[in-house]
Amino acid sequence: MSRARFDHARRLRGSVTPPSDKSISHRAAILGAMASEPVRVRNYLHAEDTVSSLEAMRALGALVTIDADEVVIRGTGLRETGEADGPIDVGNAGTLMRLLPGWLAGQEGRSYTLDGDASIRRRPVDRIAEPLRRMGAVIDATDGRLPPFTVHGTRLTAIDYELPVASAQVKSCVLLAGLMAEGATTVVEPVPSRDHTERMLAGAGVTVHRDGARITVSGVDELTPEDLVVPGDPSSAAFMIAAAVLVPGSRITVRATGTNWTRTGFLRILQRMGGIVVGDLEDAPGDAVPGHEPLGDLEVAHGPLIGTVVEAGEVPLAIDELPLVALLGCFAEGETVVRGAQELRLKESDRIATVVDGLRALGGELEATDDGFVVTGTGGLRGGTIGSHGDHRLAMLGAVAGLASSDGVTVDGMEAAAVSYPTFTDDLARLLG
Ligand code: S3P
């Protein structure tokens, strides 16, 4: 396990291009493998999680070539995945584990087992098993709800499915299964969540119909995705943005980052806290389903913050950045509250417990609640040691906390950052000059 030290920083200056979007890269790999014609993906994310996706597609029979500036996926077509020899290893990738079964469930007469690392084995799959069973698939999971699990493919029946919790992963899984089913499959989301799957399907020739909270796709014979360009990941950019807001004297430019409105909830929360972030963010497109992903540059500067309340409806649009909201809250004036975020307990670590305990150990005043946390701003953090628990976002949270702290922070398990942001420490070092 690698230890890394992040000392109190003088300031961050210059520009950074965040790594490519992890969510979009996973989807590009899967849709590329589902396609009948080769798909070129530029700016694919080369990180541990998304390498797992490419390996999984190879295991299913796709040919994948990786060049310096593009990944080319020669897929198997929708209904002709190969027999995998042995379990498909999803590594640490929850998105791969929850999206892929939607496609596999429609492979008539074939069975696939999915497994991953120790953290994946603690993450439930009942949320996808339930709708897939309703569509006719048979899913055998460990203890009824955990990996390793086996998907027995069949001829699927279309369903109308109301998501019990807002989850882009579950929504995407059902939509992919809907492509394999006869008739129209509808997913109803309680509140909006990231819509990359819908956009990519629309760009691949599928009619994706949105009517408020209802999203409908019908069974298709083939997918014809256009060549794709993956924007920078706003969830990775968020760490640099938070560092620039927190460290006095900072002013940075974040280049070519995704500005899809379903991913910029954190920026809206930060702006409400008084954070200086200037950029052209996408407005919600209403019921239209754009076939592309917007991107742009952001200017960020240090400034004082005030506490805020994040309610359940905002949570899915900022889900992976909520640990950073906790950190910002430590430096803000007044109280910062996050509610309706019980999903955080099911991420790469129990992010309510690991964030609250981790930041407390650095001198923060935080209380965990069942569905979020309450932070009392004290104007700063002392510093100390934080463990990543193998969670990439916790490792990077510790690093940013260190730069903004008075005494610096040691992160135990910094290697976890490679899951989504392999060049994190180098990019940070460059901004610190
Ligand atoms: C993701 C959706 C979110 C997010 C995860 C990636 C996706 O999970 O936390 O990191 O790519 O669809 P849920 O949809 O389960 O909340």
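Laboratory data are not the source of any read-out in this text; all were calculated from the coordinates shown. Small disclaimer: the values here were computed from a predicted structure and weren't measured. Methodologically, a virtual Cβ is constructed for each residue, glycine included, from the backbone with ideal geometry; neighbour enumeration extends over all protein chains shown.
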Lys and Arg at +1, Asp and Glu at -1: neighbours of Ala35 with Cβ under 13 Å from its Cβ sum to -2
Restricting to Cα pairs under 8 Å and 6 or more apart, the percent relative contact order of the chain works out to 18 percent
Between the alpha-carbon centers of segment 1-62 and segment 311-377, tell me the distance in whole angstrom.
26 Å
Cβ-derived FRET efficiency at R0 45 Å, Glu80 paired with Arg272, nearest 0.05:
0.35
Net charge, Arg210 excluded, C-beta distance under 15 Å - Lys, Arg +1, Asp, Glu -1
-2
Determine the shape class of segment 22-229: with a ≥ b ≥ c the square roots of the Cα gyration tensor eigenvalues, call it rounded for a/c under 1.5, and otherwise prolate if a/b is greater than b/c, oblate otherwise.
rounded
How do the peptides 338-347, 251-260, 385-394 rank, highest first, by the average count of neighbouring beta carbon atoms within 10 Å per residue?
385-394, 251-260, 338-347
Mind giving me the FRET efficiency for Met1 and Glu130? R0 is 30 Å, r the Cβ-Cβ distance, nearest 0.05 is fine.
0.25
Model label zone, Ala68; criterion: amide N under 20 Å from point 7 Å along Cα-to-beta-carbon; scope segment 206-233:
229-230
